[in-house]
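Here the structure is laid out as structure tokens; the discussion comes afterwards.
Readers should treat all values here as calculations from the given coordinates under stated rules, not as data from a laboratory. Since the model is a prediction, treat every value here as computed from it, not as a measurement. Neighbour counts are summed over all protein chains in view; Cβ atoms, including those assigned to glycine, are modelled from backbone coordinates with ideal geometry.
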Amino acid sequence: MNKVFDHFRKTLPWLFGLAVFLFFGLVYPHHLHYHEQFQLFLTTGDYFMDLAVKPGGIADYLGAFITQFFLFSWAGAAMLSVLLMLLQRLIFSVGNHVYPFRSWFALSFIPPIFYWILLCNENFMPAGIISVLITLGAWKIYFNLKTLPARYVYVMAMIPVIYWMAGGSVIFFALGCLAVEWIREHSLKKKLIVTLPSLVILAGIFFLAKALLPQYPFFRLVYGTDFFRFPVLYPSGVWVMWIMCLIIPFSGFLLPSRFRKEKNASLAGILLSLGIFCLGSYMVAVNTEISKEDIMAYDHYVRMQQWEKAIAKADRKTPSSPLSVACLNLSLCKSGMMSDNMFHYYQNGPEGLIPTFVRDFTIPMISGEVYYHLGFINTAQRFAFEAMESLPNYWKSGRSVKRLAETNLINGQYEAARKYLIILQHTFFYKAWANYVIGFLEDEEGINSHPEWGTLRKHRTKTDFFDSEQEKDMMLGILLQQDMTHYMAYEYLLAYCLLTKDLKRFEEYFPLGMELRYARLPVSYQEALLYIWSLTHEDPFRTVPYPISEAVMQNLATYQNLYLNSSNPEEVLKKNHSGTYWYYLHFRQ
């Protein structure tokens, strides 16, 4: 049994690391992309100093350094896996110094599993792991000091250092070291000699930080490190994490005496491991939010212009949230498929075409992509800026800065574009792109011949107009009138009319697409036009003046028959006609 347990103990950390790696690589990759887009790590001294001057700034800096690699999800998954494995190793090592005992080995997995659960929430930051690791590393060094005076001096000296580097995690370092001294030392006087000054220093650094940084709320200074994206919120999960890191190394004292017997240690360790991993797996599964992951996936595909991946994902499971549907519709339009296939997927109204602006840091990112590719360059620029300035932790966004460089380049605002490109030149993964783009500054011919920027410069709005969320069809109409060959403006205009069920305006706007010369009339247009014609004509299939295919005519005849003669037409028609515009018109709100 002992040999089995020894092998089990050596293998378990690697299995845990593999599980974390596969989870973030396969199940949650777009949560990593989500983290990356809302920060901008710069390789400058000023950036380091901006973070390092506040408590926990070193952990924030290292967390931001790691997060930039989340642009590549597998690299991010590998880094999180290593960090959580290191967390387990340090907890186990510290616990071995406090109370070496084999059977409690599995308890050292509780903090990393708990932080894994926290990371299922997209607003918990990787910097929190760094903060805890720095503190545990300092605690481990403490055990290497053999003399009492050296340990006393070390604890009192390291409290302010750890607070500066790792923020509030210093609390469990100070309390943990003091608890060890109280266990080891028998003299009350010696206990008090280290305890009282240490507690005074611990409390004093918080009040000193408040005096030096009065602009920050006191509780934010206690936390120090940005564990959470919203600095005005203080989630209890952070305190629970600190308490676990403090208590678990001492848990050997709390285990029942029967587990401490050598003959029972191996069996107890295996059973404890299985129990913790079963419970941990369940808690990770419960806290995994696949609906958010799906929205982030569509957003990432649109950001990277991977239109075919967005469509393939929808083919596997049609999206239902407005943001996901908006990304899908943009992908369909960029692939030349929207006018034929948009009603093959779930549509939830105009919000799934162009989402309404909301002053936060997520929705403007997605809405801005739609406006950018349509040619509303100024609107896309405003949305990118609004999203970045709405970030609750006041950081900058690499995605937004890149978009601001593009919009200013397209608009001919070269000095503004240069400002953003110079910023991106101080990054790891945007530097090559910035160096490429900076060569286009003031190169009118180069920009005009560029496959993306040249097309957008041609299609962009060239006159002032009122940007109204309630009159998006008017905005699209103005955009189309400036260039009657702008197929995206035309298709979005007609799609907006179809989704708002405004068939009168659809019929009015339809002739505007004559310049586009479709090889055949798109299916959704055929369905709408034939339906409109059937409302006012006795024999629509013979008299309809549009090039309607026989398949669409037969489909409408079947649809009308079932609609008029079924007691529950919605359910009857769902199987074979849910992908038609008529089904959306009658049964979608």
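Data table
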| item | result |
| --- | --- |
| Mean Cβ neighbour count within 10 Å, used as a protection proxy, ranking 229-239, 56-66, 26-36, 387-397 highest first | 56-66, 26-36, 387-397, 229-239 |
| Ranked list, fewest to most other Cβ atoms within 10 Å of each Cβ, for 556, 421, 145 | 145, 556, 421 |
| Cα principal axis extents for the range 298-459, largest first, Å | 44, 39, 26 |
| Length-normalised contact order of the chain in % [C-alpha pairs under 8 Å, at least 6 apart] | 13 |
| Burial order of peptide ranges 480-488, 427-435, 523-531 (average beta-carbon count within 10 Å, highest first) | 523-531, 480-488, 427-435 |
| Nonlocal amide H pairs with residue 228, under 5 Å, H built at 1.01 Å | 125 |
| Simple label model, 7 Å out from Cα along Cβ direction - residue 566 to residue 27, nm | 3.8 |
| For the range 2-288, radius of gyration divided by Kirkwood radius, i.e. Rg to Rh on alpha-carbons | 0.98 |
| Neighbourhood charge, 14 Å Cβ-Cβ cut-off, centred on residue 558 and excluding it, Lys, Arg +1 and Asp, Glu -1 | 0 |
| Partners for residue 313 among aspartates and glutamates (Cα-Cα distance below 16 Å; same-chain residues under 8 apart left out) | 293, 294, 299 |
| Summed residue charge, Cβ within 9 Å of residue 294's Cβ, Lys/Arg positive, Asp/Glu negative | +2 |
| Relative contact order, percent, the range 2-288 [alpha-carbon distance under 8 Å, six or more residues apart] | 27 |
| The range 386-404-the range 307-366 distance, computed between alpha-carbon centres (Å) | 23 |
| Hull-based mean projected area of the chain, where the convex hull spans the alpha carbons, in square nanometres | 34.2 |
